[in-house]
Amino acid sequence: MAKETVKNSTDAAHEADAKEGSPKEEKKATENKTTKKAPKSKKAVKKAAATKKKNKGNASKGETTGAVESQPSTEKKTPTAKKSSTKNEAEKADTDAKVKAEEEARIKAEEEAKIKAEEEARIKAEEEAKAKAEEEARIKAEEEAKAKAEEEARIKAEEEAKAKAEEEARIKAEEEAKAKAEEEARVKAEEEAKAKAEEEARIKAEEEAKIKAEEEARIKAEEEAKAKAEEEARIKAEEEAKIKAEEEAKRQAELDAKKKSEAAARRQAAEAARVKTEEEAKRQADETKNIQIAAKKKASLKKLIIAACTFGVFVLVLISASASNSSNYYITVKKHSTLIYKGIFSPTGKDLILKVPSAIALDTVKASYTLQDVKPLFFDHHMAEAAVLQTVTGVPDFPSVIASYEAAVEYAPGPAELNEALKQLEAAKDVYKAIQ
């Protein structure tokens, strides 16, 4: 009975401890739930408790065995001592049994409290999970109901708007002009949509071939630009050639006019000199006759007649020198050019008629040259000029080329040079006709 009483009291104490520890276990279970760790199963808890109990039982058994083994030492004691010892051993055994029972009760109470706490935590966790699931289901149901209500309201609003629009469309349909405009707008919108779709398809197709198209366009643009540049160069060359030809014609006309004027002046001067000479001769004859008649009376007149004759001779010499100078040519060689002059109807006057952009080495240096002497210089210059004009980039200035060959023909010093200049002239004219 004493053992049972002690056991019951021990069990009661352990139950109280278990109840006090229950909040802690609940807190621990709550923390396990917060960290989303599932509680241990009952089987695992029972297994751990059994193992712990078995280990403690083995320990108690060892202590009991030790106590039994120590008894032989008391066998030699006196009966009184033996009886006292037996009583002590019994009390010790009772105490050990009581301690063991209390320990087992405590362990059992702790295990049961732990199991109970874990069960309560599990149940609580399940209830909270269930409550949460129910809350989520409720919220979801409310949201679905709300969405359904909103959808129904939207459908209703759309149907009302559609009915209103149909009514307005019916009213508008009664107006013929407005209906026609709406129909045209609809057709136009459809055409624009169709055109937009076609444009998008076309753009997509063009993007795939864009590189090729751009390359072809670039090549075509370059060719057109090149053709345009060549055409502009040709037009410019023609205009420059035309201007140059006009200037050359003008210069030639001026030279011809000058030559005619000089020839007329020479003829006029010669005629004036001839008339003057004849008059002077007649006058001299008259004077000579008068002198012969009145030789003795007018001796002083003889000197006057001699002076007049001397002046006439001087005039004749001057006219002759001027006429001779107009057929002379003069050459001045500088460091980087050669200047060719032609004499005018003046004893010493001259005009520049050609400037060669290089210093020419003359075989013979003279005070003046004849036309035949300077013809090779003119010929070589014009032939070289025509050759240079044909080596320019683009279309050559063929009018200028032809003018240079014509000038070379005019100043050809011999038959071979003349044939060469004529051959080149005909070739230039043929090419010029071909590109026109």
Starting from segment 91-105, take each residue that is touching a residue at least 40 places away in the same chain (Cβ under 8 Å) and list its partners that are surrounded by fewer than 13 Cβ atoms within 10 Å (Cβ to Cβ), counting only C-beta distances under 7 angstrom and pairs at least six apart or across chains.
ALA97/LYS3; LYS98/LYS3; ALA101/LYS3
Residue set SER322, SER358, SER368; condition surrounded by 19 or more Cβ atoms within 10 Å (Cβ to Cβ), modelled with pLDDT under 85 and farther than 30 Å from GLU232 by Cβ; output residue SER322
Segment 377-436, subset hydroxyl-bearing (Ser, Thr, Tyr) and assigned to a helix (DSSP H, G or I), residue modelled with the lowest pLDDT:
TYR432
Taking the options ARG154, ARG170, name whichever one is surrounded by 10 or more Cβ atoms within 10 Å (Cβ to Cβ), of a type in the set (Lys, Arg) and modelled with pLDDT of 90 or more.
ARG154
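The values are calculated or read from the model by the stated rules, or taken from the named source; none is laboratory data. This is a predicted model, so every value here is computed, not measured. Neighbour counts are summed over all protein chains in view; Cβ atoms, including those assigned to glycine, are modelled from backbone coordinates with ideal geometry.
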